[in-house]
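J.: One structure, pasted below without further comment.
Each value in this text was obtained by applying a stated rule to the coordinates, not by laboratory testing. No experiment lies behind these values; they were computed from the predicted model shown. Cβ placement follows ideal geometry from the backbone for every residue including glycine, while neighbour counts extend to all protein chains displayed.
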Amino acid sequence: MKVAVVTGTRAEFGLLSRLMSMIDDSPKLDLQVVVTGTHLLPEFGHTIDALTGAGFEIAAEVRTLTQASTGAEVARQVGAGTMEFTDTFFSLDPDAVVLLGDRYEILAAAVAAFFLEIPIVHIHGGEVTHGAFDDTIRHAITKFASVHCVAHDQYAARVIQLGEHPDTVHMVGALGVDQLSSTPLKNREQLEQHLGLSLRDPVFLVTYHPVTSGESDALVEVSELVAALEGIPKATVIITMPNADPDHQVILDVLRVAANRHPGRWLFTESLGQVNYWSVMALATAVVGNSSSGILEAPSFPTATINIGPRQNGRIFSQSVVSCAPDERAISGALRQVESEEFRDLVGTVTSPLGGPGAANRILSILENLAAGDVGKRVFYDQPGDRTKEKRVS
C-alpha cells in the first residue's frame, strides 16, 4: 500500500519524522514523501535538507506553494498548489495521503487528493485556534478526510460534531509528545557549542507567527514583544523564524534587527532543527510567542509557556501556559511570573494533557489496517436522535 506523506514546514516534519520512518520500515507500506512550502526556500533554511539528511527519499516536490504576503496571494497559491498536487498525486498514484494540521499548502493537497478519490488520513484535526485562518482550514481538511487521528477526546468529539462517523475517528494522542519520548536531546554544553552562544539563565525560546484572523498589527505587536524581552538584560533569547503567513516579513525584520542589537545574548536563526529546538526548550525558562509548540510540546518537559495574543486560543492549555495580551506591560508581567519560584514549582508538577508515547505506533497500525480502495468518504453523520440516516458513498 503506497502512502504519500506531505510536509511543508520544519515544524511539521519534526512531528511527522518518526511516523515517516515507521511507514518506511513497514513491510505493508511504501512511503512516498512529498515536499512543499518553506522546506524549499533558502530564506527559511532550505529545510528539505533535514529530510534528505535523515535518509528520506523525496518522491516529489511541489514548488508552487512557498510564502505569501496577503490573503489574495494565499488564495492564488492554494489554487496553483491544488493543480500541482493533482499532477503529483496522479503520477505517484498513492493508496492514501497523510496530512497533518492546518496549513494552506496542506489544504491544497487535501483538495487534490479528494477529487482524485485518494483517501486522506488527517492528523491533529478537531482543534481550535481562534487567532489564525488555520482554524477554518483545519476543519475544511477534516471534511475532505476519510480517517481522523486526533490528540484528545475533546478533539475527537469536535470532529464527530463536524459530521464525521465515530468509526473513522481515532484518539491517538499528540505526535510531538510521542516524538519527545524517543528523541535524545543535547545538554547545555553541546547546545552552546552548536549555537556559539552561552546559554545563561533565564533562557527564552521565542517564536512569533502572524495573527491571521481578526484585527492585528504585526509591527506593533512584535515590537512590544521585543521591548518586554529587552527589559530583562541578563536573559538569553533564542529566536526562530516566523512561518510564511501574511505579515511574516514584518515580524522577521523586527526580530532579526533586535537580535543584532544584542550580540552574544540574543540569537536569530532560520531553523534550529527539531533536536536543537526541543533541546533548547528543555532547558528554557519559557517558550515565548504564539507557536503551537508552546501549547503541545512544552508541557511535556515541563517548560513554562507565555502564549501571546489570540493565535492559539481554543486549544487545551496545561497549567504551565500563561496567556497574555500582545503589549509590553502584559508580556513583561508574564515574564516575571514564569521566573517566580512559585510558578517554577508549579511547572515541575505539570504533565501534558495530550497523552504520552505511542501516537506514531497507533497511526501506523491504522494505516496498516486500511484496505486500499475501501476507505470511501461517508456522508454527513448525524448525532443519535437525528432523522437523517447515514449512508456510505464511494
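J.: Which value in deg cm²/dmol, rounded to the nearest 500, describes the helix-derived mean residue ellipticity at 222 nm for the chain, given -39,500 (n - 2.57) per DSSP H run of n ≥ 4 and division by the residue count?
T.: Per the formula, -12000 deg cm²/dmol.
J.: Quick one: how many lysine pairs does the chain have with C-alpha atoms less than 30 Å apart and a gap of 8 or more or different chains? Give me the count, please.
T.: Lysine pairs satisfying the spacing and distance rule in the chain number 13.
J.: Right, next: Taking θ = phi - 60°, what integer Hz values does the Karplus form 6.51 cos²θ - 1.76 cosθ + 1.60 yield along region 252-265, in sequence order, with x for Gly and Pro?
T.: Taking θ as phi minus 60°, the curve returns 4, 4, 5, 5, 5, 4, 4, 4, 5, 6, 10, x, x, 10 Hz for region 252-265.
J.: To continue, here is another question. Applying a 10 Å radius around every beta-carbon, put 107-120, 356-369, 42-55 in order of their mean neighbour count, most first.
T.: 107-120, 356-369, 42-55
J.: Something else: I want the antiparallel fraction of DSSP beta bridges within region 251-394, as a percent rounded to 5.
T.: 10
J.: Related question: Can you give me the angle between helix 218-230 and the longest principal axis of the chain, using Cα atoms only, in degrees from 0 to 90, rounded to the nearest 10?
T.: In the chain, helix 218-230 runs at an angle near 50 degrees to the longest axis.
J.: Normalised by the residues of the chain, what does the relative contact order come to in percent, with Cα pairs under 8 Å and at least six apart?
T.: The normalised contact order for the chain reaches 17 percent.
J.: Kindly write out, for region 8-18 in residue order, the coupling ³J(HN,Hα) from the Karplus curve 6.51 cos²θ - 1.76 cosθ + 1.60 (θ = phi - 60°), rounded to whole Hz, with x marking Gly and Pro.
T.: Per residue, the Karplus-derived 3J(HN,Hα) values read x, 9, 4, 5, 4, 4, x, 7, 8, 4, 5 Hz.
J.: Next up: Using R₀ = 41 Å, calculate the FRET efficiency as 1/(1 + (r/R₀)^6) where r is the Cβ-Cβ separation of residue 26 and residue 217; round to 0.05.
T.: Efficiency for this residue pair is about 0.30.
J.: Can you list residues whose amide H is under 5 Å from residue 306's amide H, if they're 5+ apart or on another chain and H is modeled 1.01 Å from N?
T.: Correct list: 287, 288, 289, 322.
J.: Along Cα→Cβ, 7 Å out, is where each label goes; now give me the distance between the ones at residue 181 and residue 199 in nm to one decimal.
T.: Going from the residue 181 label point to the residue 199 one covers 2.4 nm.
J.: Taking amide H atoms as placed 1.01 Å from N in the peptide plane, list the residues 5 or more away in sequence, or in a different chain, whose amide H sits under 5 Å from that of residue 32.
T.: Distant-sequence amide H within range of residue 32: 3, 4, 5.
J.: Cβ neighbours within 10 Å, averaged per peptide: list 173-180, 224-231 in order, most packed at the top.
T.: 173-180, 224-231
J.: Once each part is reduced to its C-alpha centroid, what is the distance from region 88-156 to region 227-290 in angstrom?
T.: Each part reduced to its Cα centre gives a spacing of 30 Å.
J.: At residue 128 and residue 249, where each label point lies 7 Å from the Cα along Cα→Cβ, what is the point-to-point distance in nanometres?
T.: Result: 3.5 nm between the two label points.
J.: Residue by residue through region 331-346, what is 3J(HN,Hα) from phi via Karplus (6.51 cos²θ - 1.76 cosθ + 1.60, θ = phi - 60°)? Round to whole Hz and write x for glycine and proline.
T.: Rounded to whole hertz, the list is 5, 4, x, 5, 4, 5, 5, 6, 7, 5, 4, 4, 6, 4, 5, 4.
J.: Which values, in whole Å and largest first, are the semi-axes of the equivalent ellipsoid of the chain obtained as the square root of 5 times each eigenvalue of the Cα gyration tensor?
T.: 35, 22, 21
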